[in-house]
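J.: Take a look at this one; I'll ask things after.
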Amino acid sequence: MEKPLFLFPALGISSADAVAKAYMDDVIALVLGSFILALAIERYHIHRRLALNITLRFCGDPVRPSLLLLGITGTTAFVSMWIHNTACTVMMMPVATGILQRFPRGGGAGQGEGEEKQEVRRFSKAVVLGVVYASAVGGMATLTGTGVNIILVGMWSAYFPEKEPITFSSWMSFGLPMALLMFLALWVTLCFMYCSNNTGKALSAYLDGTHLRRELSLLGPMAFAEKMVLAVFGGLIVLWMTRNLTDDIPGWGVLFHDQVGDGTVTIMMATLLFIIPSGKNGGEKLMDWNKCRKIQWNIVLLLGAGFAIADGFRTSGLTGILSDGLRFLEGAPTLVIVPVACVFSGVITEFMSDDSTTTLVLPLFAELAKSIEVHPALLMISGAVGAQLSYLFPIGSPSNVVGFSTGHITIKDLVATGLPLKVVGVAALTVLLPTLGSVIFGMDKSPS
């Protein structure tokens, strides 16, 4: 993560100042601010309250497994839209496994009991897989949901500074429909593979609304601190969405001559958490730096290293050499370019982390777009989305590791569930990017 800081200057690839700047820019500020907000949500158990409320409403009486899965995965996907998907998985997995702890893990003595517990174990797999994949799917919808989107924005501005930047609102206009399609596919897949007509009956012996209401009552009424954190978070979302609107209706960013970025807003709102009192005695604030020790600095450094490596690829000319191997796409129709680029990235991401894959393939696609004269968004967005489809093996994503470590799922479960989702992802991108994406990212204009 920190190797480019000393290797690139020593090898003459980039200057020390250029490499250091890659580790702290507006994109990194966006990540830091969102991490602080995520810690505030975790500190006051807002995610747990949200999950219990939604799950309680979807649980049904008697238990309806499909609706219970919809509540758990829907909550996870929504939370993942606003915080990093890895942090979301870490936060939501204990909520999910807390429900699963009521279920038996061992076999039964009688045949009927064994069949019932088999249904419960299959549903347990669905819950864990649902949290893992829902965090990935929800992260697609916004810039803050995954490091891949952050890397895409950083490399887009580095390679094509003359083009309109990818903003929070513009990406969400494209990413949210994509995420909704993926979420629907996820829910249908989980219900089809892990739920049967007997699942509800098997679950009713261990789970009902009474259990969930008891856990919710233990949290007590919503405190002043929780309300303030939600207010700050809601204000941040509004500011993100309204900074840049349309050419005809400029957002509030024009008041600052477009010098303010999404990272600026995020840090400003995160700073409020250190100013607003929590409502407790002693003048305690909503957050302090002791509570920020859990910031995932490894992800921050990894993103910075990715930007530094991308800059090194560009300045050394390596991307131009490597992109020549993909020149067979020259003259190919859009319906070929998009799935090929997505599958190319999607295969690599199964054997290395999604962030590392993005760092590797986006510089190649940026140079390739220049050489074959297609709009760079066509290739770079395809590569970024493909990198997020790391659904088959634990190594592909930290979220996969979190789910795998629970002991409820195996690699076979990941492959069986993730493969159809991966196919749906490629197909959805092939349809949405040349249509909706063309309007949002200006791909109907000249690629020059």
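The values are calculated or read from the model by the stated rules, or taken from the named source; none is laboratory data. Just so it is clear, the model here is predicted, and its values are computed rather than measured. Quick reminder, even Gly has a Cβ in these numbers, built from the backbone with ideal geometry, and neighbours come from all protein chains shown.
J.: Within the stretch 206-233, can you find the residues that are among the charged types (D, E, K, R), surrounded by 17 or more Cβ atoms within 10 Å (Cβ to Cβ) and more than 21 Å from Thr73 (Cα to Cα)? Don't jump to the end; show me each part of the working.
T.: Going residue by residue through the stretch 206-233, those that are among the charged types (D, E, K, R) are 208, 213-215, 226-227.
Still in the list and also surrounded by 17 or more Cβ atoms within 10 Å (Cβ to Cβ): 215, 226.
Scanning the stretch 206-233 gives a single hit, Glu226.
J.: Still on this structure, please answer the following. I need the full set of residues from the stretch 89-128 which are modelled with pLDDT of 75 or more and of a type in the set (S, T, N, Q), in order please.
T.: Thr89, Thr97, Gln118, Ser124
J.: Filter the stretch 188-205 for residues that are part of a helix (DSSP H, G or I) and surrounded by fewer than 22 Cβ atoms within 10 Å (Cβ to Cβ) and give the result. Give the derivation first.
T.: Looking only at the stretch 188-205, we keep the residues that are part of a helix (DSSP H, G or I), and these are 188-194, 199-204.
Scanning the stretch 188-205 gives Val188, Thr189, Cys191, Phe192, Met193, Gly200, Lys201, Ser204.
J.: Among the residues of the stretch 149-172, how many are among the aromatic types (Phe, Trp, Tyr) and without any contact (Cβ under 8 Å) to a residue 60 or more places away in the chain?
T.: Kept after step one, since they are among the aromatic types (Phe, Trp, Tyr), are these residues of the stretch 149-172: 156, 159-160, 168, 171.
Subset that is without any contact (Cβ under 8 Å) to a residue 60 or more places away in the chain: 171.
Result for the stretch 149-172: 1.
J.: Condition first: at negative phi and surrounded by fewer than 17 Cβ atoms within 10 Å (Cβ to Cβ). Now tell me which residues in the stretch 255-266 satisfy that. Please lay out each step first, then the result.
T.: Taking the stretch 255-266 first, the residues at negative phi are 255-256, 259-266.
Correct list: Leu255, Phe256, Gln259.
J.: Return the total of residues in the stretch 347-374 being of a type outside the set (Asp, Glu), farther than 18 Å from Tyr159 by Cβ and part of a loop (DSSP other than H, G, I, E, B).
T.: Looking only at the stretch 347-374, we keep the residues that are of a type outside the set (Asp, Glu), and these are 347-349, 351-353, 356-366, 368-372, 374.
Then drop every residue that is not farther than 18 Å from Tyr159 by Cβ, which leaves 347-349, 351-353, 356.
Restricting the remaining residues to those that are part of a loop (DSSP other than H, G, I, E, B) gives 349, 351-353.
Qualifying residue count, the stretch 347-374: 4.
J.: Which pairs turn up if I take residues in the stretch 1-24 that are within 22 Å of Gln296 (Cα to Cα) and assigned to a helix (DSSP H, G or I) and look for partners that are among the acidic types (Asp, Glu) and modelled with pLDDT of 80 or more with beta carbon separation below 6 Å, at least 6 apart in sequence or on another chain?
T.: If the second residue must be among the acidic types (Asp, Glu) and modelled with pLDDT of 80 or more, no pairs are left.
J.: Among the residues that make up the stretch 331-346, is at least one of them assigned to a loop (DSSP other than H, G, I, E, B) and in contact with a helix residue (DSSP H, G or I) (Cβ under 8 Å, 6 or more places away or on another chain)?
T.: Of the stretch 331-346, the ones assigned to a loop (DSSP other than H, G, I, E, B) are 331-333.
Now restrict to residues that are in contact with a helix residue (DSSP H, G or I) (Cβ under 8 Å, 6 or more places away or on another chain): 331-332.
Yes; the residues of the stretch 331-346 include at least one that is assigned to a loop (DSSP other than H, G, I, E, B) and in contact with a helix residue (DSSP H, G or I) (Cβ under 8 Å, 6 or more places away or on another chain).
J.: Considering the stretch 206-243 alone, what residues qualify as being under 15 Å from Thr55 (Cβ atoms), assigned to a loop (DSSP other than H, G, I, E, B) and out of contact with any Lys or Arg (no Cβ under 8 Å at 6 or more places or on another chain)?
T.: Within the stretch 206-243, Asp208 is the sole residue that qualifies.
J.: Please go through (1) at positive phi; (2) in contact with a helix residue (DSSP H, G or I) (Cβ under 6 Å, 6 or more places away or on another chain) for Ile276 and return the number of the only condition it doesn't satisfy.
T.: It fails just one condition, (1).
J.: To continue, here is another question. Condition test on Ile166, is it touching a helix residue (DSSP H, G or I) at 6+ places or on another chain (Cβ under 6 Å) and not in a helix (DSSP H, G or I)?
T.: Working: touching a helix residue (DSSP H, G or I) at 6+ places or on another chain (Cβ under 6 Å): yes; not in a helix (DSSP H, G or I): yes.
Judged against the criteria, Ile166 is a match.
J.: Would it be correct to say that Ser15 is crowded, with 19+ Cβ neighbours inside 10 Å and either under 23 Å from Ala223 (Cα atoms) or modelled with pLDDT of 80 or more (or both)?
T.: Numbers: crowded, with 19+ Cβ neighbours inside 10 Å: no; either under 23 Å from Ala223 (Cα atoms) or modelled with pLDDT of 80 or more (or both): yes.
No; evaluated as a whole, the condition is false for this residue.
J.: Just to be sure before I move on: is Ser397 within 28 Å of Pro94 (Cβ to Cβ) and in contact with a Ser or Thr (Cβ under 7 Å, 6 or more places away or on another chain) in the structure I sent?
T.: Numbers: within 28 Å of Pro94 (Cβ to Cβ): yes; in contact with a Ser or Thr (Cβ under 7 Å, 6 or more places away or on another chain): yes.
Against the criterion (within 28 Å of Pro94 (Cβ to Cβ) and in contact with a Ser or Thr (Cβ under 7 Å, 6 or more places away or on another chain)), Ser397 qualifies.
J.: When the residues of the stretch 287-307 are filtered to those that are in a loop (DSSP other than H, G, I, E, B) and farther than 21 Å from Ile237 by Cα, which remaining residue is nearest to the chain's Cα centre (by Cα)?
T.: Narrowing the stretch 287-307 to residues in a loop (DSSP other than H, G, I, E, B): 287-288, 295-296.
Retained after the next criterion (residues that are farther than 21 Å from Ile237 by Cα): 288, 296.
Values: Asp288: 26, Gln296: 15 Å.
Restricting to residues being in a loop (DSSP other than H, G, I, E, B) and farther than 21 Å from Ile237 by Cα, the top hit is Gln296.
J.: On to the next question. Just name the residue that is surrounded by the most Cβ atoms within 10 Å (Cβ to Cβ) out of those in the stretch 267-286 that are among the β-branched types (Val, Ile, Thr) and outside any loop (DSSP other than H, G, I, E, B).
T.: Taking the stretch 267-286 and keeping what is among the β-branched types (Val, Ile, Thr), we get 267, 271, 275-276.
Pick out the ones that are also outside any loop (DSSP other than H, G, I, E, B) and you get 267, 271.
Working: Ile267: 17, Thr271: 14.
Looking at residues that are among the β-branched types (Val, Ile, Thr) and outside any loop (DSSP other than H, G, I, E, B), I get Ile267.
J.: Please work out which one of (1) more than 18 Å from Leu432 (Cβ to Cβ); (2) crowded, with 24+ Cβ neighbours inside 10 Å; (3) modelled with pLDDT of 85 or more is the condition Val385 fails and give its number.
T.: Just one mismatch for Val385, condition (1).
J.: To continue, here is another question. So is Ala377 assigned to a helix (DSSP H, G or I), touching a His at 6+ places or on another chain (Cβ under 9 Å), buried (at least 23 other Cβ atoms within 10 Å of the Cβ) and at pLDDT 85 or above or not? Walk me through it before giving the result.
T.: Numbers: assigned to a helix (DSSP H, G or I): yes; touching a His at 6+ places or on another chain (Cβ under 9 Å): no; buried (at least 23 other Cβ atoms within 10 Å of the Cβ): yes; at pLDDT 85 or above: yes.
Answer is no for this residue.
J.: In this structure, is Leu414 buried (at least 21 other Cβ atoms within 10 Å of the Cβ) and either out of contact with any helix residue (DSSP H, G or I) (no Cβ under 9 Å at 6 or more places or on another chain) or over 30 Å from Val127 (Cα atoms) (or both)?
T.: On the way: buried (at least 21 other Cβ atoms within 10 Å of the Cβ): yes; either out of contact with any helix residue (DSSP H, G or I) (no Cβ under 9 Å at 6 or more places or on another chain) or over 30 Å from Val127 (Cα atoms) (or both): no.
No, not satisfied.
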